[in-house]
Each structure stands twice: as structure tokens, then as C-alpha cells.
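Worksheet: the structure to be examined is printed underneath.
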Amino acid sequence: MASRLRIGIDFDNTIITYDEVFRAAAKAQGLVDADFAGSKQAVRDTIRRLPDGELAWQRLQGQVYGKGIGGAKMVAGVAPFLRRARAEDCAVVVVSHKTEYGHFDPDHVNLRTAALEWMAGQGLFDGGRGVALAEVYFESTRAEKLKRIAALSLTHFIDDLEEVLTDPGFPPDVERILFAEDTPPAGPYVWCPTWRDIERQVFGGVTS
Ligand SMILES: [Mg+2]
């Protein structure tokens, strides 16, 4: 019998997407044109080119990850992946590099509480999805996140950031999956542009 898989998943921009929230907030503040249709990355690149753009971008992030999280969406394919993981009796844990408070959030929202509330609202802790509240870890630094991944004896870890997966502190025996739209440089990870690809990579084949 195959040993039980233990799958770790990053949170921001892996499980949750803020693209629409970033676009709406940037438009509301006149930082991008009203017909702007780009992704979070395009919003960032556009704002950073403005005078004092870096500061404006950091302020915008403070709002979006805090108060704006209610408008964020689950990334397509996450729900079926979690159902499959449940059906295959895998353990699923979430490990996120997230400070308690944003640097530039005037509303002083607790980002970790907001993230947990979002997860609960999306039904991630309901039986069929199989993420246990006790298996959600927020870490204040990337080094602590990597330590946590190592301590959890995971078989797989899924993240949208190359720099997490290529960090020398990443445990070498964990299979690394990079969730990214654009072709990344070759690295010690398997690149999957969609959650369907991730499902295929982890379980072989796709059920629905
Ligand atoms: Mg991320």
C-alpha cells in the first residue's frame, strides 16, 4: 500500500487570488485606468512606475490583504483538488508566510484572522474539503516557513513563488510544485500552470 501523502500548500496567490481586488482598489484610487484589465502583477508593475509608486503599491497591498480579502476568490481547481485529496485520504496542511499585521494598513486588520475567516467562509474546513483548522500555519518569515515545512514531514509542497522552492533551506526530500502561469526557469521543482496539472502531478490522472 502506498504511504499516505502529506500535502502542504501555500496560501496567498496559490489557494486565494486577489487579482480582482487589486484591480478594483487600484481603479478606485486612480492608480490605473478605468479599463485596466491586467493581473495583480500588471497592477504592481503599473503602480511602481508612478512617482512614489513603491509606497503606493505597499499601501495598496496593506488594504487588499486586510480589509479587501472578502472580495478575493478561491483559485480555480483548488476545490476539486481538495476533494480528491480527501477521497485519497491524504493529509492537507496550509503553510503561509504572513505577518499578523500589514505595514501600511490604516485599518490595522489582523491578516491571519482575516485569512482564517476567508477559509472558513469558503468552506475549506468542511468535511468534504479536508483541511483541519489545526493544520493551518502562519509564519512571520520565509525561514520560519521553510522550517515548518521541514518539521511537518510533507511529501509535497505547492507554492507560487520560485524563491521559496529554490531556497537552500527547503527540505530536499519534499517534492516541490511551482504553481505559476508563465514558464519558469528550470529548477528543483515541477512546474504546473493550473491546479488540474497539480492534481495530475500528485495523484496521476484527473477525476472531474
Ligand atoms: Mg504565495
Seminar exercise, completed: Residue set Asp126, Asp105, Asp173, Asp160; condition more than 16 Å from the ligand (Cβ to nearest atom) and surrounded by 15 or more Cβ atoms within 10 Å (Cβ to Cβ); output residue Asp105
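Residue-wise test of (1) within 16 Å of Thr14 (Cα to Cα); (2) not assigned by TED's automatic domain parsing to the domain that holds Ala114.
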site	(1), (2)
Leu50	no, yes
Leu55	no, yes
Gly62	no, yes
Lys67	no, yes
Pro80	yes, no
Arg84	no, no
Asp89	no, no
Val95	yes, no
Thr99	no, no
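Confirm whether Leu55 is under 28 Å from Cys192 (Cα atoms), away from the ligand (no atom under 16 Å from the Cβ) and hydrophobic (A, V, I, L, M, F, W, C). Step through it out loud before you land on a result.
Details: under 28 Å from Cys192 (Cα atoms): no; away from the ligand (no atom under 16 Å from the Cβ): yes; hydrophobic (A, V, I, L, M, F, W, C): yes.
For Leu55, the condition - under 28 Å from Cys192 (Cα atoms), away from the ligand (no atom under 16 Å from the Cβ) and hydrophobic (A, V, I, L, M, F, W, C) - is not met.
Against the condition surrounded by fewer than 19 Cβ atoms within 10 Å (Cβ to Cβ) and within 15 Å of the ligand (Cβ to nearest atom), how does Val75 come out, does it pass? So that I can check it myself, show each step before the final result.
Details: surrounded by fewer than 19 Cβ atoms within 10 Å (Cβ to Cβ): yes; within 15 Å of the ligand (Cβ to nearest atom): yes.
Answer is yes for this residue.
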Exercise. Conditions: (1) over 17 Å from Glu199 (Cβ atoms); (2) surrounded by 20 or more Cβ atoms within 10 Å (Cβ to Cβ); (3) in contact with a Lys or Arg (Cβ under 9 Å, 6 or more places away or on another chain); (4) not charged (D, E, K, R). Phe81 meets all but one. Number of the miss?
Worked result: (1)
For this session: Could you run through region 169-190 and say how many residues are among the aromatic types (Phe, Trp, Tyr) and either assigned to a loop (DSSP other than H, G, I, E, B) or over 16 Å from Gln201 (Cβ atoms) (or both)?
Result: 2
Exercise. Do we have Thr14 as within 18 Å of the chain's Cα centre (by Cα), surrounded by 15 or more Cβ atoms within 10 Å (Cβ to Cβ) and either part of a helix (DSSP H, G or I) or not small (Gly, Ala, Ser) (or both) here?
Worked result: yes
Seminar exercise, completed: Subset of region 1-45, residues within 16 Å of the ligand (Cβ to nearest atom) and either in contact with an Asp or Glu (Cβ under 6 Å, 6 or more places away or on another chain) or among the small types (Gly, Ala, Ser) (or both), comes to Gly8, Asp10, Asn13, Thr14, Ser39, Lys40
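Every residue, every condition in (1) assigned to a loop (DSSP other than H, G, I, E, B); (2) surrounded by fewer than 17 Cβ atoms within 10 Å (Cβ to Cβ); (3) at pLDDT below 90, yes or no:
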{"residue": "Met1", "(1), (2), (3)": "yes, yes, yes"}
{"residue": "Gly8", "(1), (2), (3)": "no, no, no"}
{"residue": "Leu60", "(1), (2), (3)": "no, no, no"}
{"residue": "Gln63", "(1), (2), (3)": "no, no, yes"}
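When you check Asp182 against the structure, is it within 16 Å of the ligand (Cβ to nearest atom) and within 19 Å of His97 (Cα to Cα), yes or no? It would help to see each step written out before you state the result.
Numbers: within 16 Å of the ligand (Cβ to nearest atom): yes; within 19 Å of His97 (Cα to Cα): no.
No; evaluated as a whole, the condition is false for this residue.
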For this session: Considering only region 123-161, state which residues are within 21 Å of Phe203 (Cα to Cα), in contact with a Leu (Cβ under 7 Å, 6 or more places away or on another chain) and of a type in the set (Val, Ile, Thr).
Result: Val131, Thr155
For this session: Restricting attention to region 111-126, report how many residues are part of a loop (DSSP other than H, G, I, E, B) and in contact (Cβ under 8 Å) with a residue 40 or more places away in the chain.
Result: 2
Exercise. Restricting region 129-150 to residues that are hydrophobic (A, V, I, L, M, F, W, C) and at pLDDT 95 or above, which is surrounded by the fewest Cβ atoms within 10 Å (Cβ to Cβ)?
Worked result: Ala143
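The values are calculated or read from the model by the stated rules, or taken from the named source; none is laboratory data. None of the values given here were measured: they were computed from a predicted structure. Positions of Cβ are generated from backbone atoms using ideal geometry, with glycine treated the same way; all protein chains shown enter the neighbour counts.
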